[in-house]
Amino acid sequence: MKETIYNDTHHTSPSKEIIKKGSVITLITLISRPLGYIREALQAYLFGATMLVDAFVVAFNFPELIQTLFFSGATSAFLLPVCSKYIKDEMEFSRVYSIFINLSILITGSISIIFFIFSNSIVDIIAPGFNPQTKIVTKYLFLIMIPVIFLHALLSVMKAFLNAKEHFASPELSGIVWNIIFIACAIFLNRSYGIYSLAIGVTLGSIAQIIIQWPYLRRLNIEYKGIISFKHTSIQEAKRLFTGALVATSIVPINSFIGRIIASYLPHGEVASLSYAFRIFILPFSLFAVPIYTVVFSKLSRLYHERDFTSIKSHINSTIVLIVITLVPSTILLCSIGDVIVKILYERGAFTANETFLTNRALFGYSIGLLFYALPIIFVRIFNAMHDTKTPAIIGITTVVVNAALAIILMNPLKNLGISLATSISSLYNFLILFILLKKRIGYRVSPGAIKDITKSVLAGIFLVLLIYLYRKILHINVYMVLILSCLSVTGIYFAFFKNYYLSFMKKR
């Protein structure tokens, strides 16, 4: 059988490697997502929609936002390419690891102390409309959760160095551990500590996330040492990359924030429908795109230090094909049976058929651009792996402008569909610019084999759309049968089109 996968210089299929390592992340995501829903449901069951929950949400969101913007995403984006340079020297790798751990302790420890001292002022800023009693509750919740900034910064450093060693399981498992501890604290401590049990769960869960990394760090011979050096070459490189990484990783939350502001001018119910739609839309992205770019990022960072551009291009081809094969059918399902998915997930109680219509309309706008939502994020990682955070940051800023302009233009005629379509169109713009620039940078071109598989995926998608349309028109079946038949159709059609591709993964090397 002739294999259409794109072999690198080590005669190992990049696609096989990505799937093998990425499947661990996908499996963990399948477990952690339901736990997240259980966590939210339990929180609602115990405390409802009260001022106590408002206080917790505000107190939690601020440190979470700080660590997400400045540490989690940005740290991975600039640190993994830096530490990959030292991967072959275990002593120096541990030294660099220790330097960044100690640096994160110094920076986030100082920030935490400042937040502690000025906690009253911070609560006044983040919750200006709360009454005095609620502000007091918010303050104590905030104080309990201040360590999250410090702990998540440490976790981000650990994750970057573990990923550089191509270990992905324990950093991803930390989310499951966090959810379990949060749920346990809510169940067993709520009678004694009330709403503070949730804050205790947040902090204890964050501590547990750090603890479970230690055995894997030791197994990979990553040792902690009490040293710090501001003159080390890794620090100088990190400083050069940090600003671009910070801007680039902030683009998605900034776009989301601007979208919510613009959407606030829509009629009642349309803003909530965008939120519900986005939660559905992001699931296939989390299941397929996140594992792929997490694995590829670490691999490309190492290949760049080896200056193996042949393998880099091979991995990019495999990445694009895997994204297309997984997200094209996901797009078709969300666009074709989005109403069914929304109805099954949400339509009960106060969520009526009208809310289903509004949510499905927004979901269609998001879903049509799912592929192009994922590809720019992957291309950002490709540039980052080559120690370029500036280019994606500049393009990202222009994308924010394009997204805001399109949302304003499309909002009045198309309502929430216009807001979600703006996200899709701006994502397409982002991808095209990054693709053109990468082509100029390293002479990258999509290989004939990759083009063939992309074409097959599109053809399979067209066939799938026709099939779903036909049986939805002809067969009078309930929503659950529509969902089951659609999923079976995806499996059958894509297996028929990519039989050799799938079977090649099952072969022993």
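Net charge of the neighbourhood of residue 220, taken over other residues with C-beta under 11 Å away and scored Lys/Arg +1, Asp/Glu -1, is 0. The local environment of residue 356, defined by Cβ-Cβ distances under 9 Å, has a net charge of -2 under the rule Lys, Arg +1 and Asp, Glu -1. What FRET efficiency, computed as 1/(1 + (r/R0)^6) with R0 = 25 Å and r the Cβ-Cβ distance, is obtained for residue 166 and residue 491, rounded to the nearest 0.05? Efficiency computed from Cβ-Cβ geometry: 0.25.
The charge dipole of the chain, taken about its Cα centre with unit charges on the Cβ atoms of Lys, Arg (+1), Asp and Glu (-1) only, comes to about 1140 debye. Of the options (i) 30; (ii) 22; (iii) 19, only one is percent of Cα pairs over 42 Å apart as computed from these coordinates, and that is (iii). Please compare each pair in 20/239; 239/299; 139/239; 135/390 to a cut-off of 32 Å on the Cα-Cα distance and tell me which ones are over it. Pairs exceeding 32 Å: 20/239; 139/239; 135/390.
Using alpha-carbon pairs under 8 Å, 6+ residues apart, how would you state the relative contact order of the chain in percent?
Relative contact order, the chain: 20 percent.
Is there a quick way to get the dipole size of region 25-229? I mean about its Cα centre, with the Cβ of Lys and Arg at +1 and of Asp and Glu at -1; what is the value in debye to the nearest 20?
Computed charge dipole of region 25-229: roughly 220 debye.
Among the listed pairs 88/225; 16/165; 85/456; 231/439; 85/440; 159/499, those with a Cα-Cα distance over 28 Å are 85/456; 231/439; 159/499.
Where only DSSP H runs of four or more residues are counted, the chain gives -27500 deg cm²/dmol as its mean residue ellipticity at 222 nm, each run worth -39500 (n - 2.57). Relative protection proxy for 193-206, 408-421, 319-332, from highest mean packing down: 319-332, 193-206, 408-421 (other beta-carbon atoms within 10 angstrom). Cross-link partners for residue 313 among the aspartates and glutamates, with Cα-Cα distance under 14 Å and sequence neighbours closer than 8 places in the same chain left out: 8. Here the 3J(HN,Hα) profile of region 54-63, calculated from phi with Karplus coefficients 6.51, -1.76 and 1.60 at θ = phi - 60°, is 4, 5, 5, 4, 5, 5, 7, 5, 5, x Hz, Gly and Pro shown as x. In summary, no lysines lie within cross-link reach of residue 415, defined as a Cα separation below 19 angstrom excluding same-chain residues under 8 places away.
Bear in mind that the values in this text are calculations on the coordinates, not laboratory data. The structure presented is a predicted model; accordingly, all values stated were derived computationally and were not measured. Note: ideal-geometry Cβ built from the backbone for every residue, glycine included; neighbour counts use all protein chains shown.
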